[in-house]
There are 2 protein chains.
Amino acid sequence: MSKNKIKPSILAGFMELIPSDQILFNKMMDTIRKNYERFGFLPIDTPVIEKAEVLLAKGGGETEQQIYRFKKGDTDLALRFDLTVPLARYVAQHFSELTFPFRRYHIGKVYRGEKAQRGRFREFYQCDIDIIGNGSLDVINDAEIPSVIYSTFKDLGFDSFVIKINNRKVLNGFFKWLEIDKPLAILRAIDKIEKIGAEGVIKELENIGLEVNTIEKIMEFIGIEGTNEEKLSSLERLNINNEIFNEGVEELKLVNHYVGLFGVPRENYSIDLTIARGLDYYTGTVYETFLKDYPEIGSICSGGRYDNLAEYYTDQKLPGVGISIGLTRLFYQLSEAKLIKSEDSSLTKAIILPMENCLDRAVEIANILRNNKVNTQIYLEKAKMGKKFGFADKLNIPYAIIIGEEEIKENKYTFRNMKTGEQAMLSIEEILFNLNIKF
Amino acid sequence: MSKNKIKPSILAGFMELIPSDQILFNKMMDTIRKNYERFGFLPIDTPVIEKAEVLLAKGGGETEQQIYRFKKGDTDLALRFDLTVPLARYVAQHFSELTFPFRRYHIGKVYRGEKAQRGRFREFYQCDIDIIGNGSLDVINDAEIPSVIYSTFKDLGFDSFVIKINNRKVLNGFFKWLEIDKPLAILRAIDKIEKIGAEGVIKELENIGLEVNTIEKIMEFIGIEGTNEEKLSSLERLNINNEIFNEGVEELKLVNHYVGLFGVPRENYSIDLTIARGLDYYTGTVYETFLKDYPEIGSICSGGRYDNLAEYYTDQKLPGVGISIGLTRLFYQLSEAKLIKSEDSSLTKAIILPMENCLDRAVEIANILRNNKVNTQIYLEKAKMGKKFGFADKLNIPYAIIIGEEEIKENKYTFRNMKTGEQAMLSIEEILFNLNIKF
């Protein structure tokens with residue numbers, strides 16, 4: 001390479017795919033989108049760049065360190081680090097133009113300047129849905145969300161996954177009853193149980209300063225076993241005299257009942273009292289979703305219920321419930337687990353390979369296929385037939401149509417299955433039929 | 001509003017739509033994507049943030065002033081300002097993993113910190129296709145591109161548009177023959193003819209310092225009239241003894257012939273010798289596309305042929321041809337011209353409105369519709385029926401299914417066309433039939 005060239009490279013922590021993988025990535029994104037739309041969610045798209053003061057309205061924590069923030073002229077700008085803060089700003093700003101309950105989906109890139117490490121991305125797609133009520137939002141919405149998760153992951157090709165459901169009120173009410181005053185620290189400790197095990201959680205609870213007696217009660221509580229109904233009965237039998245706790249149990253019972261009615265099979269959802277979600281804004285139902293065969297991937301879809309979406313921007317009370325799929329990370333994890341197979345991926349269904357002096361007919365055939373909505377490419381360069389076949393092979397294009405003088409004379413064309421090598425001379429009508437186009 | 005709230009607002013120069021408009025925007029984007037895929041283009045997606053030195057490899061001009069550039073730690077970063085520079089970097093970086101000719105499409109947001117003014121956006125979607133050859137690329141590719149433009153805009157619902165085609169070699173060869181040495185300045189002057197008229201172009205050419213005699217010849221040349229074939233004959237009759245000119249005329253003839261063969265109707269393309277494209281990297285065929293009834297909108301799709309895509313990153317010679325649709329600006333212009341009608345836009349086909357105590361059946365019906373791929377929402381809040389109908393109306397949902405005790409008893413449900421007000425009691429099978437779902 002000449003010396004004055006710039007090395008073509010991207011920044012660490014950014015995902016970039018070759019087309020055969022990109023096709024699969026986009027298919028996953030399309031599947032997610034179609035499912036979100038099937039449940040009545042409406043699309044929004046917000047700017048990637050916003051005023052820093054808007055994105056940082058809540059402030060504090062990791063966010064402020066990780067955010068990409070910069071000046072252009074005198075303006076203090078930042079890149080969005082999630083889709084929830086822009087949703088809050090959007091709903092507050094467009095409040096009078098929206099119809100509530102407002103169901104929106106948003107699929108877009110977000111940015112976090114994290115330390116670069118394997119499997120962590122600084123730019124990644126989030127695929128979010130939220131249902132926002134004006135003043136109030138019925139808890140039945142919390143039961144519909146798992147059916148969106150189920151439908152989506154089923155369509156993505158997963159069979160063996162479980163949506164774990166809990167309710168923050170159950171945990172918080174229980175802590176209140178125990179007269180513990182650091183519920184958030186305890187929630188965060190419990191939330192790590194998948195990663196650090198029960199032993200680890202006990203250690204963390206000790207570090208928080210809880211007494212052995214209290215820790216035992218907590219561990220016993222989150223260890224309650226059985227079917228969903230058995231767990232609910234056990235909770236009721238504890239006879240905990242706390243309003244929040246009882247409210248939480250009632251909500252959990254209702255959600256458990258309706259999740260089933262919404263068509264989610266028993267094996268795909270489970271009440272799990274260890275699900276706490278580290279984030280402090282959840283106030284009721286919480287969800288996490290795990291692949292049964294790949295627990296090490298962690299939760300592939302999480303979310304929950306919150307009391308007030310946009311308190312930093314408006315006095316309107318806007319309770320909501322939502323979930324998020326981190327698609328970039330999910331795709332990366334599936335690739336690592338060898339569950340992404342791009343060898344067969346192709347958007348193009350047919351390639352036309354004209355022999356010398358047969359280009360005009362090739363163009364005519366391509367027009368017919370394209371007018372019948374068949375994704376079609378013509379090999380337009382001058383080259384030997386072997387090279388042309390090699391091209392079709394490399395791009396995984398399933399069918400080739402060879403056009404030579406013989407073919408033109410007979411008005412029939414060599415139609416070749418590139419996978420099996422089978423081929424036949426077919427009329428254009430027969431070719432369209434084979435490509436599944438009805439007349 | 002309480003005093004400690006942050007005003008919810010976005011930056012000037014950024015487009016944000018309400019959902020009914022977003023639905024139409026996304027439909028346009030989907031239509032463009034489907035058409036690009038129909039012609040065998042493969043998707044890529046590159047990071048929005050890249051190394052500043054990579055994006056600014058070419059340097060100079062407006063780019064450097066407009067680019068969003070900032071530091072994170074010690075790293076000098078920038079946001080992409082078009083999709084061409086990332087394509088060049090992508091092809092150079094992934095050269096050995098790609099199959100040439102490489103047909104890629106890329107739909108994504110780009111960023112330019114321009115002065116804010118009406119109709120100018122700092123964040124906007126570009127929808128690009130390019131065909132990149134390894135070493136060489138047949139000129140026949142230049143003839144296929146207009147058929148992609150035609151197919152795309154036809155599918156977008158436009159009838160009356162014209163793809164104007166020219167060839168830089170024709171202009172450059174002509175200038176060489178006139179022994180003029182500032183071809184780029186002249187091209188830029190000619191390029192403005194739609195905006196400033198012939199008079200304006202003459203003035204600009206005078207300012208460049210051309211002699212009256214030369215200016216006359218140029219104006220006569222770009223004023224050549226007639227059908228495409230008549231224009232081509234006129235060019236040949238000029239007897240210009242310049243190799244580049246003659247090459248250009250030959251290419252233009254071939255492109256003109258094949259554009260027709262590729263199925264573009266006569267009224268939708270035209271050779272136009274005033275089309276020059278201001279950008280300096282075009283070297284052959286150039287395109288611009290205009291709506292006949294709205295010329296003031298300017299070109300809605302432009303592009304052309306270039307000799308070497310990635311010279312700043314690699315020694316590989318990579319000629320290509322491509323076009324770009326600036327979707328954000330196009331959508332804005334169509335809205336301004338009242339050509340965007342969002343009153344009817346809905347992705348949701350049916351809404352289920354349960355009366356009191358009828359929720360369970362509503363959920364069951366929703367499951368059936370969703371399993372049959374009908375986008376369905378249930379009104380889940382407790383409210384009077386009038387409010388529920390109002391909700392369906394505001395969201396433009398075309399069909400409502402009302403479920404009361406009567407309906408549950410009869411296993412038939414009130415199916416209402418929300419547009420016409422017509423309604424009937426139908427079984428679930430009949431409802432699915434009316435929603436066009438085959439069993």
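The values are calculated or read from the model by the stated rules, or taken from the named source; none is laboratory data. Worth saying up front: this structure is predicted, and the values here are computed from it rather than measured. Cβ sites come from the backbone with ideal geometry, for glycine too, and all protein chains shown count toward neighbours. Accessible surface is based on the protein model in full, side chains and every heavy atom, while ligands, DNA and RNA are left aside. Shrake-Rupley method; radii C 1.70, N 1.55, O 1.52, S 1.80 Å.
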Subset of segment B:77-116 [without any contact (Cβ under 8 Å) to a residue 12 or more places away in the chain and closer than 17 Å to B:Ile10 by Cα] = B:Lys115
Subset of segment A:182-225 [without any contact (Cβ under 8 Å) to a residue 12 or more places away in the chain, closer than 18 Å to A:Asn239 by Cα and outside any helix (DSSP H, G or I)] | A:Glu225
If we keep only residues of segment A:109-122 that are assigned to a loop (DSSP other than H, G, I, E, B) and either among the acidic types (Asp, Glu) or within 27 Å of A:Val321 (Cβ to Cβ) (or both), then the residue most open to solvent (accessible area, probe 1.4 Å) is A:Arg112
For A:Arg305: the one exception among (1) open to solvent by 20 Å² or more (accessible area, probe 1.4 Å); (2) within 29 Å of A:Asn35 (Cα to Cα); (3) at pLDDT 95 or above; (4) assigned to a loop (DSSP other than H, G, I, E, B) = (4)
Has segment A:152-163 got any residue that is surrounded by 19 or more Cβ atoms within 10 Å (Cβ to Cβ) and within 14 Å of chain B (Cβ to nearest Cβ)?
-> yes
Output the number of residues of segment A:377-422 satisfying the condition of being within 12 Å of A:Leu353 (Cβ to Cβ) and polar (S, T, N, Q).
-> 2
Of A:Glu381, A:Glu406, the only residue that is among the charged types (D, E, K, R) and open to solvent by 30 Å² or more (accessible area, probe 1.4 Å) is A:Glu406
Being open to solvent by 40 Å² or more (accessible area, probe 1.4 Å) and more than 15 Å from the chain's Cα centre (by Cα) narrows it down to one of B:Gly173, B:Gly73, so name that one.
-> B:Gly73
Matching entry among B:Ile18, B:Ile49 (being among the hydrophobic types (A, V, I, L, M, F, W, C), modelled with pLDDT of 95 or more, open to solvent by 20 Å² or more (accessible area, probe 1.4 Å) and closer than 28 Å to A:Tyr312 by Cβ) | B:Ile18
Which residue, of B:Ile401, B:Ile397, is under 25 Å from A:Gly263 (Cβ atoms), assigned to a strand (DSSP E or B) and open to solvent by less than 40 Å² (accessible area, probe 1.4 Å)?
-> B:Ile401
Please give the number of the condition B:Ser136 fails out of (1) among the polar types (S, T, N, Q); (2) open to solvent by less than 60 Å² (accessible area, probe 1.4 Å); (3) under 23 Å from B:Tyr258 (Cα atoms).
-> (2)
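Here is a yes/no grid of residues against (1) farther than 29 Å from A:Val264 by Cα; (2) touching a Lys or Arg at 6+ places or on another chain (Cβ under 8 Å):
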| position | (1), (2) |
| --- | --- |
| A:Lys115 | yes, no |
| A:Phe121 | yes, yes |
| A:Tyr125 | no, yes |
| A:Ile131 | no, yes |
| A:Ile140 | no, no |
| A:Glu144 | no, no |
| A:Ser151 | no, yes |
Segment B:45-73 residues that are among the polar types (S, T, N, Q), paired with ones that are surrounded by fewer than 17 Cβ atoms within 10 Å (Cβ to Cβ) and part of a loop (DSSP other than H, G, I, E, B) (beta carbon under 8 Å, 6 or more apart) | B:Gln66/B:Glu114
Only one of these conditions is not met by B:Ala12: (1) in the same structural domain as B:Leu156 (by TED's automatic domain parsing); (2) touching a residue at least 24 places away in the same chain (Cβ under 8 Å). Which number is it?
-> (1)
Only one residue in B:Glu211, B:Glu204 is acidic (Asp, Glu) and farther than 27 Å from B:Gln65 by Cα. Which one?
-> B:Glu211
Out of all the residues in segment A:3-10, is one or more more than 7 Å from chain B (Cβ to nearest Cβ) and surrounded by 18 or more Cβ atoms within 10 Å (Cβ to Cβ)?
-> no
